[in-house]
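Every read-out reported here was derived from the displayed coordinates using simple, explicitly stated rules and does not represent laboratory data. It should be emphasised that the depicted structure is a prediction, and the values quoted were computed from it without experimental measurement. When we count neighbours, we look across all protein chains shown, and the Cβ atoms used for this are built from the backbone with ideal geometry, even at glycine.
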Protein chains: 2
Amino acid sequence: MSEPTFSDAFRAQLHELFAWRRDVRRFRTDPLPEGVLEKLLEQAALSPSVGLSQPWRFVIVDDPKRRAAVIENFKVCNAEALNSYGGEQAALYAKLKLAGLEEAPCHLAVFADRATQTGHGLGRRTMPEMAEYSAVAAICTLWLAARARGIGMGWVSILDPLPIAALLDVPGDWRFVGYFCLGIPQNESDRPELEQAGWEQRRPISDFVLRR
Amino acid sequence: MSEPTFSDAFRAQLHELFAWRRDVRRFRTDPLPEGVLEKLLEQAALSPSVGLSQPWRFVIVDDPKRRAAVIENFKVCNAEALNSYGGEQAALYAKLKLAGLEEAPCHLAVFADRATQTGHGLGRRTMPEMAEYSAVAAICTLWLAARARGIGMGWVSILDPLPIAALLDVPGDWRFVGYFCLGIPQNESDRPELEQAGWEQRRPISDFVLRR
């Protein structure tokens with residue numbers, strides 16, 4: 001196969017995709033179109049992984065009891081988080097909608113298998129956390145692929161990793177990386193919801209670059 | 001601004017971009033076009049970050065002495081890695097080209113600032129590692145944006161994180177996430193170099209998906 005070339009028009013649309021990929025917390029309850037999740041997961045597997053170890057592990061969570069247990073864990077963790085703020089910040093935090101677990105038609109947990117022999121350990125000797133980073137790479141590919149199909153995704157990190165791994169009954173060497181809601185967004189925006197709500201603002205990239 | 005819509009043609013090209021984004025280790029020595037790195041970093045800042053904390057920290061490494069020290073660290077770590085293999089696997093490992101540090105015109109180190117107050121800690125209470133995951137998200141955006149412009153990127157993880165942070169003289173709360181080479185690839189492929197070299201193969205996604 002010959003290499004693809006990408007046009008200015010494609011790059012402009014890719015930029016739009018980056019800009020309009022949001023962390024979605026407000027979903028319609030319509031199910032995802034049949035077969036789409038499987039296609040998204042196939043695309044996620046095109047992501048880079050350390051030593052080609054492909055340590056990403058995806059758990060599609062359909063069981064209502066397990067979903068309810070995840071939601072319960074989120075509520076406990078979120079109440080603890082609220083308690084850590086005071087005054088106006090606590091009032092603002094309490095108003096934020098930080099997950100779409102109740103409405104989203106699709107729940108997906110992602111783990112990294114630290115014990116995988118695939119890749120024969122290459123690139124993980126001094127940085128074993130590369131397994132998790134590879135799983136994050138797959139998540140990011142999936143996120144963009146989803147948005148390009150009009151599907152929103154939200155990352156829920158207000159969870160306690162060990163209980164989540166236990167209630168999903170996954171192997172002990174799998175590290176919990178994130179829990180994701182997928183579905184059709186209620187609305188689209190190129191502004192993060194936390195910015196719209198006045199919680200935080202985006203900073204210029206120059207704030208984050210050093211030269212050495 | 002009204003939301004963009006993405007066509008089947010765009011999605012097909014996006015799939016090509018995912019498929020042809022390689023971990024590049026063989027670079028031409030030509031410099032990157034003027035201003036391109038800055039544009040790529042701006043696009044990276046469109047990535048998701050936990051609580052809008054934007055914990056990604058980019059260090060553009062131009063100083064020849066610091067570059068030489070990074071290369072020396074890589075050589076030591078790579079020799080130790082080689083020693084951990086035996087027989088045919090060691091012989092194969094010794095033949096792999098695992099970094100393009102000598103030739104690549106651009107060196108970029110990425111860190112995550114665990115101490116940032118931006119985002120007010122939202123989403124990081126039970127999972128402080130979300131700071132690093134957000135930095136990885138920025139890396140993945142940058143990687144795709146680079147490839148869409150014909151620029152290759154390679155992730156070097158065969159490095160010792162603490163000495164790298166020290167020799168780049170970054171704040172103590174910054175965690176080293178990865179070191180990257182950028183430049184024009186000597187060749188393009190949709191097959192990972194480790195697969196071409198017979199080190200490891202890509203597995204079907206069905207190997208990595210559970211239902212619960």
Quick one: label points 7 angstrom along Cα→Cβ at A:Asp30, distances to the other copies in nm, smallest first?
4.6
Which value, in debye to the nearest 20, gives the size of the charge dipole of chain B about its Cα centre, when Lys and Arg are +1 and Asp and Glu are -1 at the Cβ?
400 debye
With no solvent and one equal point scatterer placed on each C-alpha of segment B:139-212, evaluate the Debye formula and give log10 I(q)/I(0) for q = 0.13 Å⁻¹, two decimals.
-0.63
Using the Cα centre of segment B:66-181 as origin and beta-carbon charges of +1 (Lys, Arg) and -1 (Asp, Glu), tell me which of B:Pro128, B:Thr141, B:Cys77 is placed farthest towards the positive end of the dipole.
B:Thr141
Chain A: most fluctuating residue of A:Trp56, A:Trp143, A:Trp199 per GNM, C-alpha cutoff 10 Å
A:Trp199
Gaussian network model of chain B, springs between alpha carbon atoms under 10 Å - residue of B:Gly86, B:Gly178, B:Gly119 with greatest fluctuation
B:Gly86
Given R₀ = 25 Å, what would the calculated FRET efficiency be for A:Ala90 paired with A:Gln186, taking r from the Cβ atoms and rounding to 0.05?
0.45
Rounded to the nearest 0.05, what FRET efficiency do A:Ala166 and A:Arg26 have when you use their Cβ-Cβ distance and R0 = 25 Å?
0.30
If you bin every alpha carbon distance in segment B:34-96 into 5 Å steps from zero, what whole percent lands in each bin?
4, 13, 14, 11, 12, 13, 14, 12, 6, 1
Free-standing Cys, chain B [no other Cys Cβ under 4.7 Å]
B:Cys77, B:Cys106, B:Cys181
Once you place label points 7 Å from the Cα toward the Cβ at B:Ala12 and A:Arg203, how far apart are they in nm?
4.3 nm
Length gained, B:Thr5-B:Ala115, 0.36 nm per residue minus C-alpha separation, equals 35.8 nm
Report the calculated FRET efficiency for B:Asn83 and A:Asp62 (r = Cβ-Cβ distance, R0 = 51 Å), to the nearest 0.05.
0.65
Cα atoms only: what Rg and Dmax, in Å, come out for segment A:77-196?
16.9, 52
For A:Asp173 and B:Glu42, extending 7 Å from Cα along the Cα-Cβ vector and measuring point to point gives, in nm, a value of 4.5 nm
For segment B:1-105, size of Cβ-based charge dipole, Lys and Arg +1, Asp and Glu -1, in debye:
300 debye
When you look at the Cβ of every residue in B:25-38, what mean number of other chain Cβ atoms sits within 10 Å?
0
Chain B: C-alpha pair distances exceeding 25 Å, %:
47 percent
Determine, at each q value in 0.11, 0.13 (inverse angstroms), the log₁₀ of I(q)/I(0) that the Debye formula gives when each Cα of the protein assembly as shown is one equal point scatterer.
-0.81, -1.17
One decimal, nm, nearest first: from A:Glu188 to the same residue in each other copy, label points 7 Å out along Cα→Cβ, the values are 2.8
Enter the mean number of other protein chain beta carbons within 10 Å of the beta carbon of each residue in B:103-113, as an integer.
1
Quick one: which residues, 5 or more positions from B:Cys106 or on another chain, have an amide H under 5 Å from its amide H? H modelled 1.01 Å from N in the peptide plane, none for Pro or chain starts.
B:Leu182
In nm, the gap between the two label points placed 7 Å beyond Cα toward Cβ at B:Arg211 and A:Lys97 is 2.9 nm
